[in-house]
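All remarks here apply to the structure that follows.
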Amino acid sequence: MKSIPVLLLSALLLSGCATHQSPTGRGQTLLFSSQEISLMGDSSFEQIKKQEKVSKNNKLVTYVDCVANRVTAVLPNKGLKWDVVVFESDQVNAFALPGGHIGVYTGLLKIAENEDQLATVIGHEVAHVLANHSNEQVSRAQMTGIGMQLADAALGAGGVSNKDLYMAALGLGTQVGFILPYGREQESEADIMGVELMARAGFDPRQSMQLWLNMAKVGGDQGPELLSTHPSHSHRIDDLSQMQAQVMPLYLASKDKVRNSCRISK
């Protein structure tokens with residue numbers, strides 16, 4: 001029984017010493033320094049580049065670079081140079097990692113019909129980094145591990161005969177009730193921040209809604225939103241629609257200052 005208070009004290013100390021606020025004011029638990037998270041991002045990106053086929057299509061690479069560079073140019077940290085890589089894959093996906101890394105799959109370029117729609121995705125992914133979502137996810141995994149240790153110690157001390165069955169059930173409860181709801185919050189937060197980023201970079205935020213309409217056409221049945229880490233397409237479009245009054249003035253103020261169009265050359 002002595003191990004339980006020790007583990008509980010460790011968990012409380014970890015959570016209490018690392019409470020932060022996200023850019024939208026949501027509470028976060030961040031256990032790792034920005035340097036540690038950046039190193040994780042660097043390592044992960046190098047691994048992905050070894051596993052995936054890097055595109056040699058100069059037109060596509062130049063196009064994606066242009067959109068990404070305009071989005072990252074409006075970020076607070078002007079000194080960070082972002083590494084942008086296009087991967088040859090049918091995946092409709094993109095990602096950004098701490099340390100300044102952006103990956104875009106060619107499958108996405110079939111759904112994002114123009115530079116504004118591509119900027120929607122890149123802005124969203126960069127917003128994940130800006131809001132420390134990677135740190136938050138890794139920290140949560142760490143805290144969840146401590147929580148499972150606590151449960152294991154408690155069940156063992158209580159002499160429960162079918163402890164493994166209880167632990168399996170507890171694991172499902174942790175996944176649905178703790179990790180996944182935060183995933184949806186992070187996605188919605190990245191939508192809000194991302195559409196503002198793209199507007200500040202001179203991309204039309206109205207196209208963000210069209211992008212998700214395109215996604216809905218190819219996404220099929222998403223299943224219940226409760227068990228998804230992403231908001232439903234309709235929920236996402238509704239949120240973006242409500243953001244338009246706030247971000248359109250940013251777009252109108254910035255679009256005339258943009259000197260380089262990113263339209264892909266034929």
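Of Q246, Q175, all but one fail to be open to solvent by 70 Å² or more (accessible area, probe 1.4 Å) and at pLDDT below 75; the exception is Q175. On the basis of being more than 17 Å from V195 (Cα to Cα) and either of a type in the set (S, T, Y) or surrounded by fewer than 18 Cβ atoms within 10 Å (Cβ to Cβ) (or both), does N114 make the cut? Against the criterion (more than 17 Å from V195 (Cα to Cα) and either of a type in the set (S, T, Y) or surrounded by fewer than 18 Cβ atoms within 10 Å (Cβ to Cβ) (or both)), N114 does not qualify. From the list G107, G147, the one residue that fits, being out of contact with any helix residue (DSSP H, G or I) (no Cβ under 7 Å at 6 or more places or on another chain) and either at pLDDT 95 or above or small (G, A, S) (or both), is G107. Of the residues D204, D239, the single one that is surrounded by 13 or more Cβ atoms within 10 Å (Cβ to Cβ), at pLDDT 85 or above, among the charged types (D, E, K, R) and in a loop (DSSP other than H, G, I, E, B) is D204.
Among the residues of the range 76-96, what is the count of those that are part of a loop (DSSP other than H, G, I, E, B) and either modelled with pLDDT under 95 or not hydrophobic (A, V, I, L, M, F, W, C) (or both)? Residues in the range 76-96 being part of a loop (DSSP other than H, G, I, E, B) and either modelled with pLDDT under 95 or not hydrophobic (A, V, I, L, M, F, W, C) (or both): 12 in total. Does the range 121-143 hold any residues that are small (G, A, S) and either assigned to a helix (DSSP H, G or I) or at positive phi (or both), and which are they? Of everything in the range 121-143, those that are small (G, A, S) and either assigned to a helix (DSSP H, G or I) or at positive phi (or both) turn out to be G123, A127, S134, S139, A141.
The values are calculated or read from the model by the stated rules, or taken from the named source; none is laboratory data. Computed from a prediction, not measured in an experiment: that's the story for all the values here. A quick note on method: Cβ atoms are made from the backbone with ideal geometry, for glycine too, and the neighbour counts reach across all protein chains shown. Surface areas here come from the heavy atoms of the whole protein model, side chains and all, with no ligands, DNA or RNA. Shrake-Rupley method; radii C 1.70, N 1.55, O 1.52, S 1.80 Å.
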